[in-house]
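Enquirer: Let me give you the structure first, and then I'll get to my questions.
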Amino acid sequence: MTTFLKSLLGAGLLSLSLGAQTPPGGHVTPDPGTTPLAATGPLGSIHAHLGGFHFYSGDMKRAVRVEHYCSHAATGVMQCVVYDSDRPDARLIGVEYIISEERFNQLPGAEKQLWHSHRYEVMSGLLTATGLSSAEEMNLMKMFVTTYGKTWTLWQVDRGDEIPLGLPQLMMGFTADGQLDPAMVAGRNRELKIDPAVVRAQRADLPARPVAAGADAWQHEPAFQIPDHPPGPPTAKPHR
């Protein structure tokens with residue numbers, strides 16, 4: 001078992017049951033002929049539930065609230081499935097890969113521009129760990145504050161798409177106050193009964209180092225994004 005995983009287990013994350021995330025009265029009627037499966041295989045390895053916000057690289061005004069369900073993949077590497085809520089009927093909208101600072105510093109420069117830092121998200125309280133005690137959440141945030149994420153959205157629910165359309169879109173994380181619509185944060189805080197001033201004070205002493213060079217590239221150069229439309233059909237060659 002690696003140190004990275006031990007830090008998660010030491011934070012008490014194995015006690016975090018996905019079933020316990022279901023809001024009171026939450027219920028989804030399965031399609032006829034289907035039977036809900038127990039959390040086995042890869043789903044059974046999920047140890048952490050993190051809530052936060054992302055924005056589309058190149059368009060900070062398109063922010064979305066997201067829920068991550070994460071598991072350990074390798075030393076210094078986590079993999080997360082990203083949903084648009086924590087309800088039983090939540091839509092799986094993307095994936096995020098989270099790596100340690102050591103791993104990030106080993107990446108080539110071109111790759112680094114795809115990754116965002118978690119420093120501000122942690123220190124500001126934008127990133128939360130649902131279902132944990134205050135002490136357990138602090139242990140988790142102590143580890144996450146120096147990590148980096150690469151996130152792809154596959155389903156643009158913020159524009160009302162009823163099915164996943166278009167191409168994967170690169171997402172980024174917020175890095176400073178005033179970037180995210182205050183109403184979005186206030187709504188989340190009311191729902192989860194979060195006092196942002198208290199959270200910031202509690203996290204003020206976390207060992208947050210300066211963001212590694214190359215991360216959050218959108219702040220220093222044109223933001224990278226995949227054009228959100230597939231190429232047109234190939235042009236038919238005339239018969240000779």
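Enquirer: Within region 75-90, can you find the residues that are under 26 Å from Val157 (Cβ atoms), open to solvent by 70 Å² or more (accessible area, probe 1.4 Å) and out of contact with any strand residue (DSSP E or B) (no Cβ under 8 Å at 6 or more places or on another chain)? Step through it out loud before you land on a result.
Expert: So the first thing to find is which residues in region 75-90 are under 26 Å from Val157 (Cβ atoms), and the list is 78-90.
Then drop every residue that is not open to solvent by 70 Å² or more (accessible area, probe 1.4 Å), which leaves 79, 87, 89.
If the condition is that a residue be under 26 Å from Val157 (Cβ atoms), open to solvent by 70 Å² or more (accessible area, probe 1.4 Å) and out of contact with any strand residue (DSSP E or B) (no Cβ under 8 Å at 6 or more places or on another chain), then Arg87, Asp89 are the ones that fit.
Enquirer: Still on this structure: Could you list, in sequence order, all residues of region 202-212 that are open to solvent by 80 Å² or more (accessible area, probe 1.4 Å) and either assigned to a loop (DSSP other than H, G, I, E, B) or touching a strand residue (DSSP E or B) at 6+ places or on another chain (Cβ under 9 Å) (or both)? Full working, then the answer.
Expert: Taking region 202-212 and keeping what is open to solvent by 80 Å² or more (accessible area, probe 1.4 Å), we get 202, 205, 209-210.
Selection gives Asp205, Arg209, Pro210.
Enquirer: If I filter region 216-226 for residues that are over 19 Å from Thr175 (Cβ atoms), modelled with pLDDT of 95 or more and surrounded by 11 or more Cβ atoms within 10 Å (Cβ to Cβ), do I get at least one hit? Spell out the reasoning first.
Expert: If we filter region 216-226 for residues that are over 19 Å from Thr175 (Cβ atoms), which is where we start, we get 226.
If we keep only those that are modelled with pLDDT of 95 or more as well, we get 226.
So of that shortlist, the ones also surrounded by 11 or more Cβ atoms within 10 Å (Cβ to Cβ) come out as 226.
Yes, the conditions are met somewhere in region 216-226.
This table checks each residue for (1) aliphatic (A, V, I, L, M); (2) out of contact with any His (no Cβ under 7 Å at 6 or more places or on another chain).
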{"residue": "Ile46", "(1), (2)": "yes, yes"}
{"residue": "Tyr69", "(1), (2)": "no, no"}
{"residue": "Ala73", "(1), (2)": "yes, yes"}
{"residue": "Arg87", "(1), (2)": "no, yes"}
{"residue": "Tyr97", "(1), (2)": "no, yes"}
{"residue": "Glu102", "(1), (2)": "no, yes"}
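Enquirer: Sticking with this one: How many residues are of a type in the set (D, E, K, R) and assigned to a loop (DSSP other than H, G, I, E, B) when one looks only at region 49-90? Don't jump to the end; show me each part of the working.
Expert: Taking region 49-90 and keeping what is of a type in the set (D, E, K, R), we get 59, 61-62, 65, 67, 84, 86-87, 89.
Cutting the leftovers down to assigned to a loop (DSSP other than H, G, I, E, B) gives us 84, 86-87, 89.
Count: 4.
Enquirer: Out of Leu126, Leu165, Leu192, Leu180, report the one residue that is modelled with pLDDT of 95 or more and more than 17 Å from the chain's Cα centre (by Cα). Outline the logic, then answer.
Expert: Values: Leu126 fails: more than 17 Å from the chain's Cα centre (by Cα); Leu192 fails: modelled with pLDDT of 95 or more; Leu180 fails: more than 17 Å from the chain's Cα centre (by Cα).
The match here is Leu165.
Enquirer: How about region 91-201: which helices (runs of 4 or more DSSP H) wholly inside it have at least 2 residues that are more than 15 Å from Val211 (Cα to Cα) and open to solvent by less than 40 Å² (accessible area, probe 1.4 Å)? Spell out how you get there, then give the answer.
Expert: Details: elements: 101-105, 109-112, 119-124, 134-144, 182-192.
It comes to 134-144, 182-192.
Residue by residue, here is whether (1) at pLDDT 50 or above; (2) of a type outside the set (A, V, I, L, M); (3) surrounded by fewer than 19 Cβ atoms within 10 Å (Cβ to Cβ); (4) farther than 30 Å from Ala217 by Cα holds:
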{"site": "Leu8", "(1), (2), (3), (4)": "no, no, no, no"}
{"site": "Ser17", "(1), (2), (3), (4)": "no, yes, yes, yes"}
{"site": "Pro23", "(1), (2), (3), (4)": "no, yes, yes, yes"}
{"site": "Val28", "(1), (2), (3), (4)": "no, no, yes, yes"}
{"site": "Thr34", "(1), (2), (3), (4)": "yes, yes, yes, yes"}
{"site": "Asp59", "(1), (2), (3), (4)": "yes, yes, yes, no"}
{"site": "Cys70", "(1), (2), (3), (4)": "yes, yes, no, no"}
{"site": "Ala73", "(1), (2), (3), (4)": "yes, no, yes, no"}
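The values are calculated or read from the model by the stated rules, or taken from the named source; none is laboratory data. These numbers were taken from a predicted model, which means no experiment stands behind them. All Cβ positions, glycine included, derive from the backbone under ideal geometry; neighbour counts span all protein chains shown. Calculation scope for accessible area: heavy atoms of the full protein, side chains included, ligands and nucleic acids excluded. Shrake-Rupley method; radii C 1.70, N 1.55, O 1.52, S 1.80 Å.
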